[in-house]
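The values are calculated or read from the model by the stated rules, or taken from the named source; none is laboratory data. Predicted model only: the values in this text are computed from it and were never measured. Counting neighbours? That spans all protein chains shown, and the Cβs are built from the backbone with ideal geometry, glycine included.
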Amino acid sequence: MDVATIEYVLGDITEQEVDVIVNAANSSLLGGGGVDGAIHRKGGPEILAECRKLRAGHYGGGLKTGQAVATTAGRLRARHVVHTVGPVWSATEDRSALLADCHRNSLDLAAELGARTIAFPAISTGIYRWPVEDAARIAHEAVQDTELDLIRFVLFDQRTYDAFARP
Ligand code: AR6
């Protein structure tokens with residue numbers, strides 16, 4: 001099993017100098033609020049232009065929950081943005097495997113792109129309402145075995161940082 005360094009940062013994912021930044025997108029790939037809004041705002045129109053091409057091509061029906069796809073990072077300091085769609089929290093259905101898939105598929109795609117370093121936000125814990133402690137546990141388990149050297153979780157507020165850094 002390969003062991004990567006796992007880091008926790010309280011901050012803004014759009015500021016990270018890593019090979020890949022992961023976006024907590026939605027299936028339309030055409031932008032939204034939260035991390036998605038911040039990445040498109042700061043990364044510039046090039047990212048959205050590539051997302052539109054993806055929608056016009058292989059992803060005509062949108063990106064499925066748990067899957068991941070890459071674009072340029074535009075004006076961001078990263079080389080690529082990997083867009084993944086987290087599951088919306090459900091109290092009646094266990095969607096944990098989909099949240100794990102987001103992390104696994106993002107890591108696999110980053111490795112295919114030749115990335116060594118990646119930054120994840122706390123996928124699904126904002127607009128998609130996933131309880132933070134549970135999301136942290138799932139994210140941790142999902143990133144244990146990877147070819148990458150560095151996995152950085154970038155948490156936007158203290159409560160989320162605490163849940164990820166001290167599970
Ligand atoms: N850097 C790091 N983390 C951030 C940033 C940032 N710049 N901005 C917000 N967060 P969310 P989701 C945190 O809602 O729950 C969008 O509309 C935020 O505080 O971005 O997966 C998409 O288009 C929270 O802890 O993603 C989808 O429709 C975490 O990032 C939907 O939201 C995730 O919150 C996806 O919802």
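Each residue in the range 44-91 was checked for being in contact with a helix residue (DSSP H, G or I) (Cβ under 6 Å, 6 or more places away or on another chain) and charged (D, E, K, R), and 1 pass. Per this entry, Ser106 is counted among residues that are within 15 Å of the ligand (Cβ to nearest atom) and assigned to a helix (DSSP H, G or I). Residue-level check: of (1) away from the ligand (no atom under 15 Å from the Cβ); (2) of a type in the set (D, E, K, R); (3) not in a helix (DSSP H, G or I), Arg152 misses just (1). If you check Leu99 against the conditions, is it crowded, with 22+ Cβ neighbours inside 10 Å and over 19 Å from Thr14 (Cα atoms)? Yes, satisfied. For the range 32-59, the set of residues classified as over 13 Å from Val154 (Cβ atoms) and crowded, with 20+ Cβ neighbours inside 10 Å consists of Asp36, His40, Gly43, Ile47, Cys51, listed by residue number.
For the range 109-135, what are the residues that are out of contact with any strand residue (DSSP E or B) (no Cβ under 8 Å at 6 or more places or on another chain) and within 11 Å of the ligand (Cβ to nearest atom)? Within the range 109-135, Thr125, Ile127, Arg129, Trp130, Val132, Ala135 qualify.
When we screen Leu113, Leu155, Leu107 for residues that are closer than 13 Å to Tyr8 by Cβ and at pLDDT 95 or above, the only hit is Leu155. Would you check if Ser124 is surrounded by fewer than 18 Cβ atoms within 10 Å (Cβ to Cβ) and not β-branched (Val, Ile, Thr)? No: the conditions fail for Ser124.
Residue pairs whose Cβ atoms lie under 8 Å apart, separated by 6 or more positions or on different chains, with the first residue in the range 132-151 and free of Cβ contacts under 8 Å to residues at least 60 places away in the same chain and the second small (Gly, Ala, Ser) and assigned to a loop (DSSP other than H, G, I, E, B), are Val132/Ala122; Ala135/Ala122; Ala135/Ser124; Ala136/Ala122; Ala139/Ala122. The residues on offer are Val88, Val82, and the sole one that is surrounded by fewer than 21 Cβ atoms within 10 Å (Cβ to Cβ) and of a type in the set (Val, Ile, Thr) is Val88. Within the range 7-31, being near the ligand (Cβ under 7 Å from one of its atoms) and surrounded by 18 or more Cβ atoms within 10 Å (Cβ to Cβ) holds for Ile13, Thr14, Ala24, Ala25, Asn26.
Among the residues of the range 32-52, those that are within 13 Å of the ligand (Cβ to nearest atom) and not in a helix (DSSP H, G or I) comprise Gly32, Gly33.
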